[in-house]
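The values are calculated or read from the model by the stated rules, or taken from the named source; none is laboratory data. Since we're looking at a predicted model, the values are computed, not measured. Ideal geometry is used to build each Cβ from the backbone, glycine not excepted, and the neighbour counts take in all protein chains shown.
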Amino acid sequence: MQVISTILNIAQGALQANQMAMQTISHNIANVNTPGYTRQKAILDPQSTYTLDRLQFGLGVKVDSVVQFFDAFTTRTIHQNTSTLKEYETKASVLSYVESLWNEMGGSSLGQTLGEFWNAWQDVANNPGGVTERAALLEKSKILTQKFNSLSNELDGIERNMNANLQMGMEEFNRLTKEIASLNEKILAAESSQTTANDLRDQRNRLLEELSGWVDISYLEDSNGMVMVQTSKGMLLVNGAQNWDLSVEGNSIYRNGVPSDVSGELTGGKLGGWLDIRDEIIPQYAANLDELAGTLIQQVNTLHTAGYALSGGTGFFFFQNFLTPPAVPNAADFEGAAAYISLSSDVLGHPENIAAGGVSGEPGDNENALNIAALQTDGTLTIRKWVIEDRGRTLTSSLETGTLDDYYQSLIGEMGILAEEMNENQDFVQSLLTRLEEVRDSVSGVNLDEELAEMMKFQHAYEAASKIIAVVDEMLQSLMQLR
Amino acid sequence: MRVATQSLYRGIQQSIWRLSRELKKMEDKVSSGKNFNRPSDNPVAVVHSLGLRSKLARIEQYQKNMDTGQVWLDMNETVLNQVSKVAARAQDIALRLSSGNQTAEVRAMAVSEIDQLLDEAIALGNTQSNGKYIFGGYRTDVPPFARSVSGGVENVVYQGDGNDFQVQIGPDETMTAGKNGETVFMDSDLFAGLRDLKQAIADNDQTAIENQSAVLQEATDYFNAQVSDVGIRQSRLKIKEEIFSQFNLQLQNQVDDLENVDYSRAILELKEKQTAYEVALAAAAKISEVSLLNYL
């Protein structure tokens, strides 16, 4: 009797174990498309044995554990590359907007208006007494100054947008660190009874991946199964069940409300990208645009004030004169010149005050107009060029010799190269990431065919165990029939 | 290597994204007809094309300046030819009268004619173009030449200045389009010669008439020299204009080569991308057909 009931128990245990294995397969199949899901497997183990008449008998099967096929190394690499990808994506999209602002390949670009400005001076030189030519010059100059003003304004706008982005991004960022901290707590509680909290871990890994998209992080799992998260520069974001919120205050980022800027600790990801754009890329364009505008004001005004208007008067400014230091822009510091540049009140509405004359201002005197027009091809101008690095903490500049056109074209070229580089990097990291995900999925991902095959395996085992129960039933019945 | 079901679909998705992006780029190229639409498409070519375009715009302006110069030179040529004729005509009269005593009537007639020639010469010196006096130097708003009488002596005074009108015909290259009246007229002694001839005829002073005849001969030569000087500058412009229009054409070609799409190649490439895209879609459909489920 004891043996028969043992057979029944073994069969019942087999039914249970195979059911559990099927349950795991079902869970896998259900999550085939869940992002970040890690394939699980029920590990079957023989039950302990017992000894009867010096013979050892097995007691069937049990589910020892449900394990995850988790590839920690590849996952970490994916997280790192996610930061890089998001940083490039962010920069590429802003640069593409900056490119369209410049609209170099279309009409009415700054380069083209600058060319038209010089040509208008030539027209005045061809007919220095002509009112039409003078009025046309003022009109072209107005378009040019407005182009400078609007570009400068748009660049400022991008900087402001970056701050708005940071503000919004920070809410999401804080939510993520908070959730990671709370999952740490849940995993600690769940795993205190020796099991692995597979699904909670998947959830936390997904959040870590999301967080990597915001900023470059590094993390470490402690012996309790909780992760400590810090930025790659070493600022602690999550430790155990605790997280530290970041907040945007003006141009600074505070941690935990402490009024000290920690933005230098944030690199990579969208946050790092936005900060780089706000503090390096856009300020550099703006600074170089200022140099272009400032040089134009300085060169044109120097010649213009020395020339003679139709009235014979001299000393008129063409562009609004520089401010007195320390106010900017001044003759030595062109900061803000692109926003500042405008026609002076001397010539605005007074085309006769354009100093086309170089000796007397007689209506045929075109010497100064020729001189000013010749600035276009003056290759001896020295124009300062800025390089802004280290989030605006390192500013270096060098003097470039060449025409204003040369300088402008080099700005466009550099912008194009940077945008191209970002696009290419983005493509490269994207394909690298796809490759890495394949590697991770080769370990962690669910393959439906494989699961179906497994399912068949357990289905048959289940049927066989059921058969054993039926056989035991028959055995018991034959036993009962013994009278 | 195991392949997860998700990987299969992700692979297809990625290649469809990539192909559709490339397809879009090719379509942009074909529809805009431009090889690049923004600096990042090809920074080196964009900067090159900006340089070419700016050169092109400059050359077009120089061509415009040369047109202005041409108008001035043509005007100068016509006027100076006329003036040379006036001087020659006056010299004719001087020659005629120097060959012996003439009647008072003939002399009176000659005096009147010389006086008119003087008026004519002054009028030519005061020629206007577009409302500007072309021989006044920079003073284009005042008639450069006027008769005046001071201390009973008749005279022609120059009211312009000593500057020549320049046009820019190339980078760092200007050309004198109009010389001032001081150089063109006053230095020729034409006005003084006519005045003195008139006086000499009125005085019936044979020696003085002969003297003035020589002066007027010099004036004629002087103006002829001026005309050929203008001619030299005209041919300089003509050569320059030819160079520029050729240069302009070359630049235009370079810009076209650089910027404009080679349609036959672009359309071929577009076709290739379309095919690749269709193949990817077909593969996607095929993959979803394959499953163990079909056999269970």
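Under the condition of being of a type outside the set (K, R) and either under 13 Å from B:Q91 (Cα atoms) or outside any helix (DSSP H, G or I) (or both), the residues counted in region B:179-190 number 4.
For the condition free of Cβ contacts under 8 Å to residues at least 60 places away in the same chain and either of a type outside the set (S, T, N, Q) or farther than 23 Å from A:L348 by Cα (or both), A:A331 qualifies. Within the set B:S54, B:S20, the sole residue that is more than 23 Å from B:Q246 (Cα to Cα) and touching a helix residue (DSSP H, G or I) at 6+ places or on another chain (Cβ under 7 Å) turns out to be B:S20. The single residue among B:N248, B:N294 that is farther than 17 Å from B:L19 by Cβ, among the polar types (S, T, N, Q) and surrounded by 11 or more Cβ atoms within 10 Å (Cβ to Cβ) turns out to be B:N248. Among the residues of region A:381-412, those identified as within 11 Å of chain B (Cβ to nearest Cβ) and surrounded by fewer than 18 Cβ atoms within 10 Å (Cβ to Cβ) are A:D406, A:S410.
Taking the criterion of being within 28 Å of the chain's Cα centre (by Cα) and outside any helix (DSSP H, G or I), the residues of region A:391-420 that qualify are A:R393, A:T394, A:L395, A:T396, A:S397. I need a count of the residues in region A:110-129 that are closer than 17 Å to B:G178 by Cα and of a type outside the set (V, I, T). Qualifying residue count for the region: 7. Cβ-Cβ distances below 9 Å connect the following pairs, each with a first residue in region A:342-369 that is within 7 Å of chain B (Cβ to nearest Cβ) and at negative phi, a second residue that is surrounded by fewer than 18 Cβ atoms within 10 Å (Cβ to Cβ) and of a type in the set (A, V, I, L, M, F, W, C), and a separation of six or more residues or different chains: A:E362/B:V142; A:D365/A:V359. State which residue is farthest from B:D119 (Cα to Cα) when the search covers only region B:138-172 and only residues that are charged (D, E, K, R), at pLDDT 90 or above and assigned to a loop (DSSP other than H, G, I, E, B). Filtering region B:138-172 for residues that are charged (D, E, K, R), at pLDDT 90 or above and assigned to a loop (DSSP other than H, G, I, E, B), the one farthest from B:D119 (Cα to Cα) comes out as B:D164. Entry remark, region A:113-127: residues being facing another protein chain (nearest Cβ under 9 Å) and either at pLDDT below 90 or closer than 14 Å to A:S141 by Cβ (or both) number 7 in total.
Collect the residues in region B:1-16 that are closer than 22 Å to A:N423 by Cα and more than 8 Å from every other protein chain (Cβ to nearest Cβ), keeping them in residue-number order. B:I12, B:Q13, B:S15, B:I16, listed by residue number.
Here is a check on your reading of the model: is A:A21 away from chain B (no Cβ under 14 Å), touching a residue at least 12 places away in the same chain (Cβ under 8 Å) and within 14 Å of A:Q68 (Cα to Cα)? Steps first, answer last, please.
On the way: away from chain B (no Cβ under 14 Å): yes; touching a residue at least 12 places away in the same chain (Cβ under 8 Å): yes; within 14 Å of A:Q68 (Cα to Cα): yes.
So A:A21 fits the description; yes.
In the set (1) surrounded by 15 or more Cβ atoms within 10 Å (Cβ to Cβ); (2) in contact (Cβ under 8 Å) with a residue 24 or more places away in the chain; (3) in contact with a helix residue (DSSP H, G or I) (Cβ under 8 Å, 6 or more places away or on another chain), the condition left unmet by B:W72 is number (3).
Applying the set (1) crowded, with 19+ Cβ neighbours inside 10 Å; (2) hydroxyl-bearing (S, T, Y); (3) farther than 30 Å from A:N447 by Cα; (4) within 11 Å of chain B (Cβ to nearest Cβ) to A:T38 leaves exactly one unmet item: (3). Going through B:L73, B:L19, B:L56 one at a time, which residue ends up being within 11 Å of chain A (Cβ to nearest Cβ) and either farther than 22 Å from A:S93 by Cα or assigned to a helix (DSSP H, G or I) (or both)? Result: B:L56 is the single residue among B:L73, B:L19, B:L56 that is within 11 Å of chain A (Cβ to nearest Cβ) and either farther than 22 Å from A:S93 by Cα or assigned to a helix (DSSP H, G or I) (or both). Selection of region A:179-205 for residues being crowded, with 16+ Cβ neighbours inside 10 Å and under 30 Å from the mean Cα position of the chain (by Cα) yields A:E179, A:I180, A:A181, A:L183, A:N184, A:D199, A:L200, A:R201, A:D202, A:Q203, A:R204, A:N205. Applying the set (1) in contact with a helix residue (DSSP H, G or I) (Cβ under 9 Å, 6 or more places away or on another chain); (2) within 14 Å of chain A (Cβ to nearest Cβ); (3) not aromatic (F, W, Y) to B:S84 leaves exactly one unmet item: (2). Apart from one condition, A:I383 fits all of (1) within 25 Å of the chain's Cα centre (by Cα); (2) more than 26 Å from B:Q6 (Cβ to Cβ); (3) among the aliphatic types (A, V, I, L, M); the exception is (1). Beta carbons closer than 7 Å, at least 6 apart along the sequence or on distinct chains, pair a first residue in region B:190-212 that is surrounded by 20 or more Cβ atoms within 10 Å (Cβ to Cβ) with a second that is part of a helix (DSSP H, G or I) and hydroxyl-bearing (S, T, Y) for B:I209/B:S98. Evaluating B:N130 against the criteria (1) buried (at least 21 other Cβ atoms within 10 Å of the Cβ); (2) under 30 Å from B:R236 (Cβ atoms) leaves one unmet condition, (1). Residues in region A:427-467 that are under 42 Å from the mean Cα position of the chain (by Cα) and among the small types (G, A, S) were compared, and the one that is nearest to the other protein chains (Cβ to nearest Cβ) is A:G445. If you go through region A:232-257 and pick out every residue that is within 25 Å of A:R160 (Cβ to Cβ) and of a type outside the set (D, E), you end up with 10.
Quick check on region A:421-441. Is at least one of its residues surrounded by 18 or more Cβ atoms within 10 Å (Cβ to Cβ), of a type outside the set (F, W, Y), closer than 30 Å to A:L114 by Cβ and touching a residue at least 40 places away in the same chain (Cβ under 8 Å)? Yes, some residue in region A:421-441 is surrounded by 18 or more Cβ atoms within 10 Å (Cβ to Cβ), of a type outside the set (F, W, Y), closer than 30 Å to A:L114 by Cβ and touching a residue at least 40 places away in the same chain (Cβ under 8 Å).
Candidates in region A:99-128 are the residues that are outside any helix (DSSP H, G or I) and buried (at least 23 other Cβ atoms within 10 Å of the Cβ); of these, the one that is farthest from the chain's Cα centre (by Cα) is A:P128.
The number of residues in region A:129-139 being of a type outside the set (A, V, I, L, M, F, W, C), within 13 Å of chain B (Cβ to nearest Cβ) and surrounded by fewer than 20 Cβ atoms within 10 Å (Cβ to Cβ) comes to 2.
Please determine whether any residue of region B:246-254 is more than 14 Å from chain A (Cβ to nearest Cβ) and touching a His at 6+ places or on another chain (Cβ under 9 Å). There is at least one residue in region B:246-254 that is more than 14 Å from chain A (Cβ to nearest Cβ) and touching a His at 6+ places or on another chain (Cβ under 9 Å).
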